[in-house]
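Undergrad: Before we start, here is the structure in question, set down as structure tokens.
The values are calculated or read from the model by the stated rules, or taken from the named source; none is laboratory data. What you see is a predicted model; the values in this text were computed from it and never measured. Here the Cβ positions follow ideal geometry from the backbone for every residue, glycine too, while neighbour counts run over all protein chains shown. Surface accessibility is based on the protein's heavy atoms, side chains included, excluding ligands, DNA and RNA. Shrake-Rupley method; radii C 1.70, N 1.55, O 1.52, S 1.80 Å.
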Amino acid sequence: MAEPLPNIVIVYADDMGYGDLAVQNADSKIPTPNLDRLASEGMRFTDAHSSSGICTPSRYALLTGRYHWRKFHGIVNSWGESVFDPQRTTLPEMLKSRGYATACIGKWHLGWDWAALRKPDVQMIGMGRKRTWPADAYDWSQPIPDGPLAHGFDHYFGDDVPNFPPYAWIKDDRVVQPPTVPYVPNPEPDEGSAEGRPGPMVDGWRQDDVMPTLTEHVVQWVDQTAKDDRPFFLYWPWTSPHAPIIPTEAWKGKTNAGPYGDFMAQSDHHLGQLLNALDQHGLTENTLLVFSADNGPEKYAYERIRNHDHRSAGPLRGLKRDIWEGGHRVPMLIRWPGHVQPGTVNDGLISQVDLFATVAAIVGAEVADGTAEDSHDQTAMLRGEASARESVVHNTYENKFAFREGDWVLVDAKTGNHSAVPAWFDEAFGYAKDDSSAALYRLSDDLSQHDNLIDRYPDKADDLRAKLNRTRTHGEVRPLK
């Protein structure tokens, strides 16, 4: 008798650093018992990468098995349209072809056709960066096209982007309650900025209710879906620990890493509620669960080092947006009882774009030509064997790339930074000014990327640059089966 298809769950943190996973950082000030449980029951990857140092591109790459930079680089801004081409097969569409029930609960940030709801002859309000559409610009009774339901999900529940309008719940393709008032931060964060874009908000909207409400909906969906005979795919993209950093009252002061630490610990607790739901319904044994994050930690992480002695990026250089390792090397845990050896640590190279081909192989789905063209089947890695991937491209913004092969990484740009680095940080951690036009590092000796070897190994740099250019021009070639 054929083994039943496994349930697939992907939990995707937002702006969580490599060093925010306690089991991965001996000096962490943030307890993450549920993430640590996943690591003890599954495999922890120490060399896992998101496609980008920012969120929309990484989400696109995860759901398509394709590097984001083949199509775009930036995020979907307020009221932005979908980044998906209609003919592009997504991970949930592939799984639906194998009979899966599919749901996305949380942060979408991949665009909708908001213009379809917009009334004619309505003018934008505000000036400059505060320019937006007012609440009465939209017919909120209408469905919103080209969102998650148009790209493979049977069900969606979330607020699209926690710091973008509309500040309202969306269920499937409709707003649950129309937003009627202008956005104001509620509550004001105790760390960092509210980062809220202007626009309409539901009266009484509280942003610290978002993660608890999403978690309740996740548990309810699992409760309901457990009664179905079909396998399921749950994609749970968190809105945390992304700004606004707003732990609930019950979690304030629970860690030694300030409000961010409290928010991260609260998020770990929410993960525990999902794990408990899977356990209660007897689903754990036949569920492949992946945990990762869309990019490195936000810029507030620098002051967290000074204020709380907690390094969200761990030993890595750089943060969100950067093409240093700290911008895209992210936590990754995979638990699949009976298939993944518990408590294992895998140091092989893996990218989130590989999840598409790996899941396809597990469920026996065909990957057609022109689909998931950058994705590698990593099922052998899950068995503890070598990675199918020899190299990976790192990128956030246009014309600023890095290329990794083996122990070597070429930063093919004047700097891997995007945001300014405080002078005190460079001084405290030994980063000297470097006027080179590019940089070469051997990560096996220099994970923190201190020592630029490009003048000592110019041939290696030229080789990696040629391979980067070839990948950008011709695409990946997946190993033939």
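Undergrad: Given region 56-106 reduced to its alpha-carbon atoms as identical point scatterers, what log10 I(q)/I(0) does the Debye formula return at q = 0.12, 0.20, 0.28, 0.31 Å⁻¹?
TA: Log10 of I(q)/I(0), two decimals: -0.30, -0.78, -1.19, -1.27.
Undergrad: Then there is this: For region 361-469, report the convex hull volume of the alpha-carbon atoms normalised per residue, in Å³, without decimals.
TA: Taking the convex hull of the Cα positions in region 361-469, it is 156 Å³ per residue.
Undergrad: Of the listed pairs 130/320; 227/254; 414/460; 320/460; 171/254, which have alpha-carbon separations greater than 29 Å here?
TA: Over 29 Å Cα-Cα: 227/254; 171/254.
Undergrad: I've got another one for you. Would you mind classifying region 142-262 by shape? Square roots of the alpha carbon gyration tensor eigenvalues, ordered a ≥ b ≥ c; an a/c under 1.5 is rounded, otherwise it is prolate if a/b is larger than b/c and oblate if not.
TA: oblate
Undergrad: If you take the charge dipole of the chain about its Cα centre, with +1 on Lys and Arg Cβ and -1 on Asp and Glu Cβ, which of 152, 210, 48 is farthest toward its positive end?
TA: The residue sitting most towards the positive pole is 152.
Undergrad: Just the number, please: carbon plus sulfur as a percent of the accessible area of the chain, 1.4 Å probe, no ligands or DNA/RNA counted.
TA: 47
Undergrad: Follow-up question, since we're still on this one. Taking one equal scatterer on every alpha-carbon of region 209-338, how large is log10 of I(q)/I(0) by Debye at q = 0.11, 0.15, 0.18, 0.19 1/Å?
TA: Calculated log10 I(q)/I(0) at the listed q: -0.47, -0.81, -1.06, -1.12.
Undergrad: Give the peptides 345-351, 114-120 in descending order of average Cβ contacts within 10 Å, highest first.
TA: 345-351, 114-120
Undergrad: Label-point separation (nm) for residue 141 and residue 77, each offset 7 Å from Cα along Cα-to-Cβ?
TA: Calculated label separation equals 3.2 nm.
Undergrad: Also, quick follow-up: Trypsin sites (Lys or Arg not before Pro) within region 266-345: which are DSSP loop residues with at most 12 other Cβ atoms inside 10 Å?
TA: none
Undergrad: Mean Kyte-Doolittle hydropathy of -0.5 or higher plus an axial Cα length of 18 Å or more: which whole DSSP H helices in the chain meet both?
TA: Span-like helices in the chain: 210-225.
Undergrad: Using the per-residue mean of other Cβ atoms lying within 10 Å as a proxy for protection, in what order, highest first, do the peptides 76-84, 31-39, 173-181 fall?
TA: Highest to lowest by the protection proxy: 31-39, 76-84, 173-181.
Undergrad: So for each of 8-19, 196-207 I average, over its residues, the number of other beta carbons within 10 Å; can you give me the resulting order with the highest mean first?
TA: For the peptides 8-19, 196-207, the packing ranking is 8-19, 196-207.
Undergrad: Something else about it: Using each residue's phi in region 442-456, evaluate 6.51 cos²θ - 1.76 cosθ + 1.60 at θ = phi - 60° and report the 3J(HN,Hα) Karplus result to the nearest Hz, with x for Gly and Pro.
TA: 9, 5, 5, 9, 8, 4, 7, 6, 9, 9, 6, 9, 5, 6, 7
Undergrad: Any chance you could run the full-extension gain for residue 361 through residue 3? It's 0.36 nm times the residue separation minus the Cα-Cα distance, nm to one decimal.
TA: Between residue 361 and residue 3, full extension yields 127.5 nm more.
Undergrad: What does the charge add up to near residue 284, with Lys and Arg as +1, Asp and Glu as -1, over the other residues with Cβ less than 9 Å from its Cβ?
TA: -2
Undergrad: While we're here: Can you give the accessible area per residue of region 375-481, in Å², using a 1.4 Å probe?
TA: 54
Undergrad: Before anything else, pin down the relative contact order of region 275-346: Cα pairs under 8 Å, at least 6 apart, normalised by residue count, whole percent.
TA: So the answer I get is 37 percent.
Undergrad: Then there's this: Which percentage, to the nearest 5, of the DSSP beta bridges contained in the chain is antiparallel?
TA: In the chain, DSSP labels about 55 percent of beta bridges as antiparallel.
Undergrad: Can I ask one more? Over the chain, what is the relative contact order in percent, taking alpha-carbon pairs closer than 8 angstrom and at least six residues apart?
TA: 23
Undergrad: Rounded if a/c is under 1.5, else prolate if a/b is larger than b/c, else oblate: which is region 21-121, with a ≥ b ≥ c the root eigenvalues of its Cα gyration tensor?
TA: prolate
Undergrad: Would region 281-414 count as rounded, prolate or oblate if I go by the C-alpha gyration tensor, calling it rounded below 1.5 in a/c and otherwise prolate when a/b exceeds b/c, oblate otherwise?
TA: Oblate, since a/c reaches 1.5 and b/c is not below a/b.
Undergrad: Just to check, using Stokes-Einstein with a Kirkwood Rh over alpha carbon pairs, what's the diffusion coefficient of the chain at 25 °C and 0.890 mPa s in µm²/s?
TA: Approximately 108 µm²/s, per Stokes-Einstein.
Undergrad: Could you give the size of the charge dipole of the chain about its Cα centre, using +1 on the Cβ of each K and R and -1 on the Cβ of each D and E, expressed in debye and rounded to the nearest 20?
TA: Computed about the Cα centre, the dipole is about 560 debye.
Undergrad: May I ask you to derive the relative contact order of region 307-347, considering only C-alpha pairs under 8 Å and at least 6 residues apart, and to give it as an integer percent?
TA: Relative contact order comes out at 19 percent.
Undergrad: Loop only by DSSP, 14 or fewer other Cβ within 10 Å of the Cβ. Give me the trypsin sites (Lys or Arg not before Pro) in region 383-438 that pass, ordered by residue number.
TA: For trypsin sites (Lys or Arg not before Pro) across region 383-438 that sit outside H, G, I, E and B with at most 14 neighbouring Cβ atoms in 10 Å, the list reads 383, 414, 433.
Undergrad: Pop out the Kirkwood hydrodynamic radius of region 113-213 from its pairwise C-alpha distances, inverse of mean 1/r, in Å to one decimal.
TA: 14.4
Undergrad: Here is a further query. What does the helix-only formula give at 222 nm for the chain: each DSSP H stretch with n ≥ 4 adding -39500 (n - 2.57), the total divided by the residues, and the result rounded to the nearest 500 deg cm²/dmol?
TA: The helix-only estimate for the chain comes to -7000 deg cm²/dmol at 222 nm.
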